[in-house]
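Data first, discussion second: the structure below is written as structure tokens.
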Amino acid sequence: MEIKKVGVLGCGLMGSGIAQVCATAGFDATVLEVEQKYLDKGFAGIEKSLAKFAERTPEKGGITAAQKREILARLKGTTNKADLADCDIVIEAIIENVEEKKKMYAALDGIVKKDAIFASNTSSISVTELLTATKRPERFIGLHFFNPVPLMKLVEVVKTIATAPAVYEAAYEFAKRLGKVPVRTSDKTGFIVNRLLVPYLLDAIRAYEEGVGSIEDIDNAMKLGCGYPMGPFTLLDFVGLDTAYYITHVMYDEFKERRFASPPLLKRMVMAGWYGRKSGRGFYDYSDPEKPVAGMF
């Protein structure tokens, strides 16, 4: 089961990152979007990312100008689903919405060759539910990359009860060929990382609500006391409070446990449109992105 050509659904932050690492690893990658403007934005991001790698030395993972040109030559953008017909694996990285994902899979199922693997980059949605939109349940897998994809080494390889063993192994080896460190997990909501991370992040919000410490003090305590690269509030703002809020709903619906329930403050911030870095305001104010200021709520 050799993978040579990759299809990527979505050219946002995750989709463009996945396409970049695939092309960097030597795969031809075709990225599908609904409009050309989204492809233009995503490919501009790839150019910018590769430019940063070109500034590094080879010892630090740098690339040459010639390698940059070769990587870009392996990338193609399209708004035509038919251009994915001969892909060996198709990795979905569109909006984290069950129905939108299922509609996309259903539309592609009759277009992409039958022996191709379908994969989802979902961080929280049941992979088993997504595969019901296709007629290839045994060739369906979860491949959960982490943001920013070109820098983060981890990929969660998610097996459903229907996934064929050979497909699971092929996906695992594919992740290794991308230069990633794959971990095996099963289709339990949240997989490994979010199953452990989400309760921690939500408890940090509850601790703040209960007056345990300020936003800055809680962040600094976890960075300096536990060696984390980011405090929980900085990480929440980076991930996106709207994304975190959505994940809490998916996980609470599955487990019905308080540790997965959204704290009131998170709900109100999302309602106010304070999503974190991407909206300019979250637990920190990013009016000056270089010097974010912690809020008081």
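The values are calculated or read from the model by the stated rules, or taken from the named source; none is laboratory data. Being a predicted model, the structure only gives us computed values, none of them experimental. So basically every Cβ, Gly included, is an ideal-geometry build from the backbone, and we count neighbours across all protein chains shown.
Confirm whether residue 98 is in contact with a helix residue (DSSP H, G or I) (Cβ under 7 Å, 6 or more places away or on another chain), among the aliphatic types (A, V, I, L, M) and in contact (Cβ under 8 Å) with a residue 40 or more places away in the chain.
Details: in contact with a helix residue (DSSP H, G or I) (Cβ under 7 Å, 6 or more places away or on another chain): yes; among the aliphatic types (A, V, I, L, M): yes; in contact (Cβ under 8 Å) with a residue 40 or more places away in the chain: no.
In short, no.
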> Do any helices (runs of 4 or more DSSP H) entirely within segment 21-110 hold 1 or more residues that are within 17 Å of the chain's Cα centre (by Cα), and if so, which?
Replying inline: 36-54, 98-109
> Which residue, of 279, 186, is modelled with pLDDT of 95 or more, closer than 23 Å to residue 98 by Cβ, of a type in the set (S, T, N, Q) and out of contact with any His (no Cβ under 7 Å at 6 or more places or on another chain)?
Replying inline: 186
> Counting just the residues of segment 76-98 that are modelled with pLDDT under 95 and of a type in the set (A, V, I, L, M), which one comes out farthest from residue 17 (Cα to Cα)?
Replying inline: 98
> Do the conditions hold for residue 137, that is, is it touching a helix residue (DSSP H, G or I) at 6+ places or on another chain (Cβ under 7 Å) and modelled with pLDDT under 95?
Replying inline: no
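Just wondering, is there one or more residues in segment 166-177 that are touching a helix residue (DSSP H, G or I) at 6+ places or on another chain (Cβ under 6 Å), surrounded by fewer than 19 Cβ atoms within 10 Å (Cβ to Cβ) and either farther than 25 Å from residue 12 by Cα or of a type outside the set (Gly, Ala, Ser) (or both)? Outline the logic, then answer.
Going through segment 166-177, the residues touching a helix residue (DSSP H, G or I) at 6+ places or on another chain (Cβ under 6 Å) turn out to be 167.
Filter once more, keeping what is surrounded by fewer than 19 Cβ atoms within 10 Å (Cβ to Cβ): none.
The answer is no, given that none of the residues of segment 166-177 is touching a helix residue (DSSP H, G or I) at 6+ places or on another chain (Cβ under 6 Å), surrounded by fewer than 19 Cβ atoms within 10 Å (Cβ to Cβ) and either farther than 25 Å from residue 12 by Cα or of a type outside the set (Gly, Ala, Ser) (or both).
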> Quick one: how many residues across segment 134-148 are over 16 Å from residue 13 (Cα atoms) and either of a type in the set (Lys, Arg) or crowded, with 24+ Cβ neighbours inside 10 Å (or both)?
Replying inline: 6
> Pick from segment 66-75 the residues that are surrounded by 15 or more Cβ atoms within 10 Å (Cβ to Cβ) and among the charged types (D, E, K, R): which of them is farthest from residue 23 (Cα to Cα)?
Replying inline: 68
>> Kindly evaluate residue 156 against the criterion of being without any contact (Cβ under 8 Å) to a residue 12 or more places away in the chain and not hydrophobic (A, V, I, L, M, F, W, C).
In response: no
> Restricted to segment 30-65, and to residues that are exposed (fewer than 11 other Cβ atoms within 10 Å of the Cβ) and at pLDDT 95 or above, which residue is nearest to residue 16 (Cα to Cα)?
Replying inline: 48
>> Whether any residue in segment 99-119 is touching a Ser or Thr at 6+ places or on another chain (Cβ under 7 Å), closer than 22 Å to residue 189 by Cβ and modelled with pLDDT under 95 is what I want to check.
In response: no
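Residue-by-condition table, conditions (1) in a helix (DSSP H, G or I); (2) out of contact with any strand residue (DSSP E or B) (no Cβ under 9 Å at 6 or more places or on another chain):
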position: 179; (1), (2): no, yes
position: 183; (1), (2): no, no
position: 196; (1), (2): yes, yes
position: 201; (1), (2): yes, yes
position: 206; (1), (2): yes, yes
>> For the structure I just gave you, tell me whether residue 126 is in contact with a Leu (Cβ under 6 Å, 6 or more places away or on another chain) and polar (S, T, N, Q).
In response: no
>> Just the residues that are surrounded by fewer than 17 Cβ atoms within 10 Å (Cβ to Cβ), among the aliphatic types (A, V, I, L, M) and in contact (Cβ under 8 Å) with a residue 24 or more places away in the chain, please, taken from segment 178-198.
In response: 181, 183, 192, 193
> In segment 231-272, how many are without any contact (Cβ under 8 Å) to a residue 40 or more places away in the chain, surrounded by 14 or more Cβ atoms within 10 Å (Cβ to Cβ) and not in a helix (DSSP H, G or I)?
Replying inline: 2
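Among the candidates 93, 73, single out the residue that is among the aliphatic types (A, V, I, L, M) and touching a residue at least 12 places away in the same chain (Cβ under 8 Å). Let's see the steps before the verdict.
Details: 73 fails: touching a residue at least 12 places away in the same chain (Cβ under 8 Å).
Every option except 93 fails the conditions.
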